[in-house]
Amino acid sequence: MSVVASASVMGAASAQPDVWVCSLPTTFYWGQTSGVHAFSVGTTSANAGNVDLNWLQNGTQHPVIGQNMYRLKDGVMEQIGMSWLKHGFCALQQNLGCGVCSNPTGKCLSILRPGCSDPYLATLNGAQSGLGPRSEVNPTTGDFAWPFTVADEDPVTPGNQTFIKTARLQVLQADILPGLNPGARWFVEGQYVHPQDAGADNDDNNVSYREIGVVGFSFIPNQPLANIGGTVGMKSVIEGWADIDPSVLLTPVDVPGTGGGRVFVASKAFDNGDGTWRYEYAVYNMNADRAIGSLDVPVSDARAVSLIGFHDVPYHSGEPYDGTDWPGSHAAGAVAWSTADFATNANANAVRWGTMYNFRFTADAPPAASPASATLGLFKPGGAGDPATVSADVIVPGAAPCVADLNGDGVVNGGDITNILNAFGATGPGLAEDLNGDQTVNGADITSVLNAFGACP
């Protein structure tokens, strides 16, 4: 087993459990119907704490297990699929390289002992009778509805193609076929949510990921995909994107107060080679129940902005959420996106836990020398005194050039008119004093200075 962990797995300082995903050994392909492909991911969990972790089948003292898929294409990481949640039922006590299991046994117990590992096969994590919706889970507290809503599989004809995708990790054909995604790479991610773990504030290390081999896969049902490299433990895919690509700026954000949790914001700029740059942003909600309902990126109104875009991952199989895309606009010094507010629609398309949404636009300026602070609006109301927004450093376009400041003193004033008068009558391309671009320094350029009078932005 190849595991790369980002932290010590046996570092609990006090008596508390700590579940994490030690390995994602297998990704299993079930088949497809109507252009939607179904997968499930095996997960080996371990207890990095120093007390037993409850694992009771009946009731709410067991983990729920989420599975996601992502694609890295043309330098951008996007989430392309998600599953419903596998509900844990008992835990094996094994030594699988995830810690030191002091008393390993082949028995499946109602606890996971410190240092011990519990493997759930990919087929088990895709068994529809054990899958429940994400909407019934509070990721901040680890609480969930009991009994949970069971996925609607076909009880008469197991394997019925109409039901083959129900509640499993669903991916659109356009996002998974290599021929439609030249040069792309694919990743899967596993996450455990457990009330004991969340109560001990150990829930920020519960996500792990690995790369999978989609290129060359036959897409014949009931086959595993190849693995590429090892499992990257205690890291989400968005963190992996920044590890793969150093030009990605990654900012973790801890949402305080009621319904708080961890969110990551990634940003990257692309030079289009034509005087414009594309700006990409990804917001990943690991476990914040309040969710994210808006994103404002500071961009000067003097910048020309186009191609404002949005990408999300579709919920499915009866989840109640509205999948309406977020509209974007450029005004009041920001490019901003938002979904409907909570009071209007409690099931609006917020960035809920275990999902990553992407935002993008094109601007006529290269990145500013330093990051700026983007504002993320929290979707659900918080408790008394809790903030309505949080912020994250992101890459943004630079401020508008102050072309009328000809003498470089930071102010457009009479000194710049003097520069024009000194060059008056000059002709030709590329003259700094030719502010209107007619290749002649004349009275029209004085008018341009007067129109821009004042401090540079």
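The values are calculated or read from the model by the stated rules, or taken from the named source; none is laboratory data. From a predicted model like this one, the values you see are computed outputs, not experimental measurements. Here the Cβ is made from the backbone with ideal geometry for all residues, glycine too, and neighbour counts use every protein chain on show.
One line per residue, one yes/no per condition, for (1) in the same structural domain as residue 25 (by TED's automatic domain parsing); (2) farther than 29 Å from residue 296 by Cα; (3) aliphatic (A, V, I, L, M):
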| residue | (1), (2), (3) |
| --- | --- |
| 191 | yes, no, no |
| 197 | yes, yes, no |
| 224 | yes, yes, no |
| 253 | no, no, yes |
| 266 | no, no, yes |
| 270 | no, no, no |
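Just need a number here: residues in segment 379-418 that are of a type in the set (A, V, I, L, M, F, W, C), over 30 Å from residue 308 (Cα atoms), touching an Asp or Glu at 6+ places or on another chain (Cβ under 7 Å) and assigned to a loop (DSSP other than H, G, I, E, B). Of the residues in that region, 1 qualify.
Identify all residues within segment 413-444 that are over 21 Å from residue 455 (Cα atoms) and under 50 Å from the mean Cα position of the chain (by Cα); write none if there are none. Passing the criteria: 429, 430, 431, 437, 438, 439. Residues in segment 200-245 that are surrounded by 16 or more Cβ atoms within 10 Å (Cβ to Cβ), small (Gly, Ala, Ser) and in a loop (DSSP other than H, G, I, E, B): 200, 236. Could you tell me whether segment 172-192 includes any residue that is over 30 Å from residue 252 (Cα atoms), of a type outside the set (Gly, Ala, Ser), modelled with pLDDT of 95 or more and in contact with a strand residue (DSSP E or B) (Cβ under 8 Å, 6 or more places away or on another chain)? So far as segment 172-192 goes, yes, one or more of its residues are over 30 Å from residue 252 (Cα atoms), of a type outside the set (Gly, Ala, Ser), modelled with pLDDT of 95 or more and in contact with a strand residue (DSSP E or B) (Cβ under 8 Å, 6 or more places away or on another chain). Selection within segment 257-299: residues that are basic (Lys, Arg) and over 30 Å from residue 144 (Cα atoms). The member of this set that is nearest to the chain's Cα centre (by Cα) is 268.
Out of the strands (runs of 3 or more DSSP E) lying entirely within segment 68-137, which hold 1 or more residues that are among the β-branched types (Val, Ile, Thr) and in contact with a helix residue (DSSP H, G or I) (Cβ under 7 Å, 6 or more places away or on another chain)? Before you say what the answer is, go through the steps one by one.
Details: elements: 76-82, 85-87, 91-93, 105-109, 117-120.
Once the strands (runs of 3 or more DSSP E) in segment 68-137 are filtered for at least 1 residues that are among the β-branched types (Val, Ile, Thr) and in contact with a helix residue (DSSP H, G or I) (Cβ under 7 Å, 6 or more places away or on another chain), what remains is 76-82.
Could you tell me whether segment 72-81 includes any residue that is assigned by TED's automatic domain parsing to the domain that holds residue 167, of a type in the set (Asp, Glu) and under 20 Å from residue 179 (Cα atoms)? Yes; the residues of segment 72-81 include at least one that is assigned by TED's automatic domain parsing to the domain that holds residue 167, of a type in the set (Asp, Glu) and under 20 Å from residue 179 (Cα atoms).
Return only the number of the condition from (1) under 19 Å from residue 79 (Cα atoms); (2) free of Cβ contacts under 8 Å to residues at least 60 places away in the same chain; (3) touching a Ser or Thr at 6+ places or on another chain (Cβ under 8 Å) that residue 335 does not satisfy. Residue 335 satisfies all of (1) under 19 Å from residue 79 (Cα atoms); (2) free of Cβ contacts under 8 Å to residues at least 60 places away in the same chain; (3) touching a Ser or Thr at 6+ places or on another chain (Cβ under 8 Å) except (1).
Taking the numbered list (1) surrounded by fewer than 17 Cβ atoms within 10 Å (Cβ to Cβ); (2) part of a loop (DSSP other than H, G, I, E, B) in turn, residue 447 passes all entries but (2). Restricting attention to segment 38-59, the residues being in contact with an Asp or Glu (Cβ under 6 Å, 6 or more places away or on another chain) and either in a strand (DSSP E or B) or of a type in the set (S, T, N, Q) (or both) number 1.
Just one of the listed residues (109, 85, 96, 92) is of a type in the set (A, V, I, L, M), farther than 13 Å from residue 44 by Cβ and either over 29 Å from the mean Cα position of the chain (by Cα) or not assigned by TED's automatic domain parsing to the domain that holds residue 174 (or both), and it is 109. When segment 169-199 is filtered for residues that are among the polar types (S, T, N, Q) and either in a loop (DSSP other than H, G, I, E, B) or on the phi > 0 side of the Ramachandran plot (or both), only 181 remains.
Tell me yes or no: at least one residue of segment 86-93 is farther than 30 Å from residue 165 by Cα, at pLDDT 95 or above and either surrounded by fewer than 21 Cβ atoms within 10 Å (Cβ to Cβ) or touching a Leu at 6+ places or on another chain (Cβ under 9 Å) (or both). Yes, the conditions are met somewhere in segment 86-93. Hey, does segment 354-365 have a residue that's among the basic types (Lys, Arg), over 15 Å from the mean Cα position of the chain (by Cα) and not assigned by TED's automatic domain parsing to the domain that holds residue 191? Scanning segment 354-365, I find no residue that is among the basic types (Lys, Arg), over 15 Å from the mean Cα position of the chain (by Cα) and not assigned by TED's automatic domain parsing to the domain that holds residue 191, so the answer is no.
Exactly one residue among 180, 250 is free of Cβ contacts under 8 Å to residues at least 12 places away in the same chain and touching a helix residue (DSSP H, G or I) at 6+ places or on another chain (Cβ under 7 Å), and that residue is 180. The residues on offer are 188, 150, 137, and the sole one that is among the β-branched types (Val, Ile, Thr) and free of Cβ contacts under 8 Å to residues at least 24 places away in the same chain is 150. Of the residues making up segment 21-32, not a single one is in the same structural domain as residue 110 (by TED's automatic domain parsing), surrounded by fewer than 23 Cβ atoms within 10 Å (Cβ to Cβ) and at pLDDT below 95.
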